[in-house]
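Reading through the structure tokens given below for one structure.
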Amino acid sequence: MQFTLSEIAASLGAVVFGDGDIVLVGAAEPMDAGPDQLALAMNPKYADGIAKGKARAALLWDGADWQSLGLDGAICLNRGKAAMPLLTRALDPGLGIAEGIHPTAVVDDTAKIGAGARIGPLAVIGANVTIGARATVAPHATIGYGTVIGNDLVLHPGARIAHLCTIGDRYIGQSNSVVGGDGFSYVTLDKESAVESLRGGMAEGEKAVAVVGSHHWARVHSLGGVEIGDDVELGASSTIDRGTIRATRIGRGTKIDCQVQVGHNADVGEDVMMCGNVGVSGSARIGNRVVLGGKVGVSDNIFIGDDVIAGGGTNIYTNVPAGRAVLGSPAVKIETEMAIRRELRRLPRLAETLRELQKTVSKLVDKN
Amino acid sequence: MQFTLSEIAASLGAVVFGDGDIVLVGAAEPMDAGPDQLALAMNPKYADGIAKGKARAALLWDGADWQSLGLDGAICLNRGKAAMPLLTRALDPGLGIAEGIHPTAVVDDTAKIGAGARIGPLAVIGANVTIGARATVAPHATIGYGTVIGNDLVLHPGARIAHLCTIGDRYIGQSNSVVGGDGFSYVTLDKESAVESLRGGMAEGEKAVAVVGSHHWARVHSLGGVEIGDDVELGASSTIDRGTIRATRIGRGTKIDCQVQVGHNADVGEDVMMCGNVGVSGSARIGNRVVLGGKVGVSDNIFIGDDVIAGGGTNIYTNVPAGRAVLGSPAVKIETEMAIRRELRRLPRLAETLRELQKTVSKLVDKN
Amino acid sequence: MQFTLSEIAASLGAVVFGDGDIVLVGAAEPMDAGPDQLALAMNPKYADGIAKGKARAALLWDGADWQSLGLDGAICLNRGKAAMPLLTRALDPGLGIAEGIHPTAVVDDTAKIGAGARIGPLAVIGANVTIGARATVAPHATIGYGTVIGNDLVLHPGARIAHLCTIGDRYIGQSNSVVGGDGFSYVTLDKESAVESLRGGMAEGEKAVAVVGSHHWARVHSLGGVEIGDDVELGASSTIDRGTIRATRIGRGTKIDCQVQVGHNADVGEDVMMCGNVGVSGSARIGNRVVLGGKVGVSDNIFIGDDVIAGGGTNIYTNVPAGRAVLGSPAVKIETEMAIRRELRRLPRLAETLRELQKTVSKLVDKN
């Protein structure tokens, strides 16, 4: 795969300065870029790297003096970061799966696969599956029976989509991601479980009492599937459980990082972003454009409004109204948490101050 | 798969009201249920949904006036939630793996597989494996050599069970779950590692000092396997490491959600429940009927007594006596943590109050 | 596999006491060891177990009176723990993959595989892959095109290495681990995202304000691979994302436990240890010999110096200087966190004390 500098500029809707015929096979950081790699230096702080490196062509900041940097050609952009999606997409060599269905793939006769598919070695596609056009299914990926998927599917090696799920266009499942595992749902048949009793107590603001006993967990099977909108990506090793009766839902445009768990019956909005190690418990409802930082936990059955942002490590136990930025465990407004953290660091000193003040006051009381 | 309302009632040991011959192909929430789906409305608050929906038959609360809701038939139950296991099990269409061994599966000649097995495409079963009756092994699942498993095994796509493990009846391994990976166990050969020194210091209550140096980690191989009792389920992408010398143990009836890690040599009791993202460190011992909420962490080598409940996000660094409900990081009694959290929110104000009080007292001292 | 006691002693560079010809097939804990298993009792506290058990041979502490324990032979060691790597390595029966390439493995014609390889059933190795000598690749493992790997590779079932990665000697990838998934990198094309605005505000110490709006996430493709040094191990279900332009880097000797996520562009040093459920965000830089306890979170773009130790459950939001031991959320010096935790437990009482003191002072003020 190779491009001329002009071709790259055209894909970005940008103008070429200098020699547009320079042939490029990839991109690199300013210091690392060879003569056939586009140096990425969208900020003047990288000027030095360009000057010292071997790049002939670079992507520079708006108004850069590309000639003084020793380049033969350049593209200069106002907000360079915004060019990264188009640029990296053009240069991405892909998963290397040949067009057609590999002879070792096991594709059920009743599966319908759209034009232009690349089904890799040892992939398994079940009965009555429907997949749109231009699917890429890497080795060891699995699609269960009756599942319906849109166009431009990309499944990395070992990605799983279970039976009876519905997925929109341009879904990307990273390696070993899992859509449609069974929900974690059990009941005790004989009596209320300790957890139910405890939760009841907490909800009513009473002192929590653990009422426990000998019980077994009876499994509730998950009959609902998973419904995923267009343009959703699921990170490596992440998991989305299927619903109990209705489907677990993930809205259009939502992006999920690695090691994330979304529980059964969860209802996640559009353009949501969940960073690594996030855990969303069963039946939680999450609005649109919510951002959950790394390791955020969301309790079951709660509601998080549109545009909420939760900083890394936040544990959300209760509903969060739309538009709020939260942090901490338990989650509070980010300003509140920052104030708490400031005082926490001084807490041992504060306690000491209080003890001394007690003594002083005690003496005053004696005197008076 | 289809059932009559009478058949469903019989499986629940319940009475049918109205037309028991209504044919049903699944279940749905009250508003979503079509004429051939059983509407699930075990609480009077769903009455309106039933009335507005298209369901002909429903599972209702005890004493419900099913006729006034426009239904043709109904089952009314006292504690409807308790009917969910039997009901959903009856309606679960399963993994869709045909009976027999798929020709693309790689099953070692020495493996013994019980009657009624469903071994899917591209599954791998190693030498000297023994599996009981009615096993379902989905595509891309793997069972290592010498492992012994009971009846009614269900392995979802990509589930792994390593070599030389022992598993009871009715084990369910969700997609990409892993039993029997090597433990995370290293020693430094030259001298104590920084972690050992630090831990020593902390244990003795001294000021912790990081004694560090140039060291390499020497790997301790894991010779023990994993021993799992009957009726255990392991969630998608969850992992249970094998023991160093003896086996890591998981007791009968224990249920483990997705994204959970159980370290080497851990000894987990019966009927334990671990929710998503839980991490149990090596050699931890966990009693019976313990419930660990989402994202709970358990330090290595500690002991958690029977019937302990840990709320979501709790980090348990030290032993917890039986029957206690804990919360927070570090874990304390749930009442204590609730009290701390109440005061934490007021901490900035408390600090301000203290500063003002100091000034007031200072003036009083000057006066006196 | 079996050894004589003398052979084991020789592998440890130790002396045999008593009968060196005892034949052993494995090791076990003192109470569990049979006559053909080496009892491991490197501490006098296990003397009783030895005496009560059936072992004929044992690994004992330095100076142990092996004859009085009823043994026929023994090895006595000064720091027995240090013998575990060699001992367990000698006794490890391995993954049971036959030498050669299994006929069901799919190995591209252009892949170069060194001598002595064991490529298991249904493994997939892509075009232009280069692997050194003595590789073990278990069933369902995948290596993407163009990846270069050193000698003595071990990939457990379902382990993934993506295309265009570089890995040193003795790499161990546990089951379902993933190297080289795409980074979690998105930009908004129209305007600054809420997260960027919020971060800007926080960096400048201003009150954080969530500036939100309707935006879509535009995907930045990951063109960089992953570069891994010699002697690295990656735990089951753990994931290391590929870099955006340059590679994500993991230094020589670094050990990573299960359920860990390392984000794109991260640069991790040598001999680092990351315990279970750790999350390292994108572009974080981590020095040499750093130890991250279970569930530690590291924010993106920060720097952690050499020899830092972070206790379990710590969230690191900002740079940490070399040599520091940290704990808590947010991470502070471990002594500070221990002091904070001590006072936190007393916080409700402290608040109460302050309230009473206020009343006392108020009375004093009235009097004066």
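Listed values, structure above:
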item	result
Filter result for A:T110 (closer than 22 Å to C:V106 by Cβ and either without any contact (Cβ under 8 Å) to a residue 60 or more places away in the chain or outside any strand (DSSP E or B) (or both))	no
Only listed residue being outside the structural domain of A:G158 (by the TED database), open to solvent by less than 40 Å² (accessible area, probe 1.4 Å) and among the charged types (D, E, K, R), chosen from A:R345, A:R341, A:R349, A:R242	A:R341
Count of the range A:8-28 residues which are in contact (Cβ under 8 Å) with a residue 40 or more places away in the chain and in a helix (DSSP H, G or I)	4
Residue list for the range A:353-368, filter: within 9 Å of chain C (Cβ to nearest Cβ) and either under 21 Å from C:L344 (Cβ atoms) or surrounded by fewer than 18 Cβ atoms within 10 Å (Cβ to Cβ) (or both)	A:L354, A:R355, A:L357, A:Q358, A:S362, A:V365, A:N368
Which listed residue, of B:S283, B:S299, B:S238, B:S222, is at the interface with another protein chain (Cβ under 7 Å from one of its Cβ atoms) and either over 30 Å from B:G132 (Cα atoms) or touching a strand residue (DSSP E or B) at 6+ places or on another chain (Cβ under 9 Å) (or both)	B:S299
Check on C:I97, farther than 24 Å from B:R242 by Cβ and modelled with pLDDT of 95 or more	no
Pairs where the first residue, in the range C:34-51, is over 14 Å from B:I245 (Cα atoms) and surrounded by fewer than 16 Cβ atoms within 10 Å (Cβ to Cβ) and the second is modelled with pLDDT of 90 or more and aromatic (F, W, Y), C-beta under 7 Å, 6+ apart	C:N43/C:W61; C:P44/C:W61
When residues of the range B:318-329 are limited to those that are buried (at least 21 other Cβ atoms within 10 Å of the Cβ) and at negative phi, the one farthest from the other protein chains (Cβ to nearest Cβ)	B:V320
Within the range A:79-94, tally of residues that are facing another protein chain (nearest Cβ under 7 Å) and of a type outside the set (D, E)	7
Residues within the range B:271-280 that are at the interface with another protein chain (Cβ under 9 Å from one of its Cβ atoms), without any contact (Cβ under 8 Å) to a residue 40 or more places away in the chain and part of a loop (DSSP other than H, G, I, E, B), tallied	4
Filtered residue count, the range A:155-176, keeping only those that are of a type outside the set (D, E, K, R), buried (at least 24 other Cβ atoms within 10 Å of the Cβ) and part of a strand (DSSP E or B)	4
Counted residues, the range B:20-33 - those being within 20 Å of B:F3 (Cα to Cα) and open to solvent by 30 Å² or more (accessible area, probe 1.4 Å)	5
Residues within the range C:283-292 that are crowded, with 24+ Cβ neighbours inside 10 Å and either assigned to a loop (DSSP other than H, G, I, E, B) or of a type in the set (G, A, S) (or both), tallied	2
B:D306 vs. criteria under 20 Å from A:W217 (Cβ atoms) and surrounded by fewer than 20 Cβ atoms within 10 Å (Cβ to Cβ)	yes
Residue under evaluation C:G73, criteria (1) closer than 24 Å to B:L189 by Cα; (2) touching a Phe, Trp or Tyr at 6+ places or on another chain (Cβ under 7 Å), criterion not met	(1)
Hits in the range C:251-269 - residues which are in a loop (DSSP other than H, G, I, E, B) and either more than 10 Å from chain B (Cβ to nearest Cβ) or under 23 Å from B:S281 (Cα atoms) (or both)	C:G251, C:G253, C:T254, C:D257, C:C258, C:Q259, C:V260, C:G263, C:H264, C:N265, C:A266, C:G269
Selection from the range A:130-151 of residues that are surrounded by 20 or more Cβ atoms within 10 Å (Cβ to Cβ) and under 13 Å from A:D169 (Cα atoms)	A:I131, A:G132, A:A135, A:T136, A:I149, A:G150
Leading residue by the ranking (nearest to the other protein chains (Cβ to nearest Cβ)) among those in the range B:8-64 that are closer than 14 Å to B:G80 by Cα and of a type in the set (V, I, T)	B:I8
First in the range C:152-172 and at pLDDT 95 or above, second anywhere and in a loop (DSSP other than H, G, I, E, B) and of a type in the set (F, W, Y), Cβ under 7 Å, 6 or more apart	C:L153/C:Y171; C:H163/C:Y145
Criterion (in contact with a strand residue (DSSP E or B) (Cβ under 8 Å, 6 or more places away or on another chain), modelled with pLDDT of 90 or more, closer than 28 Å to A:S175 by Cβ and part of a strand (DSSP E or B)) met by exactly one of A:L38, A:L60	A:L38
Criterion: surrounded by fewer than 20 Cβ atoms within 10 Å (Cβ to Cβ), among the hydrophobic types (A, V, I, L, M, F, W, C) and modelled with pLDDT under 95 - qualifying residue of C:A90, C:A83	C:A90
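The values are calculated or read from the model by the stated rules, or taken from the named source; none is laboratory data. Fair warning: this is a prediction, and the values are worked out from it, not measured in the lab. Neighbour counts are summed over all protein chains in view; Cβ atoms, including those assigned to glycine, are modelled from backbone coordinates with ideal geometry. Heads up: the accessible areas ignore ligands, DNA and RNA and are worked out on the full protein's heavy atoms, side chains in. Shrake-Rupley method; radii C 1.70, N 1.55, O 1.52, S 1.80 Å.
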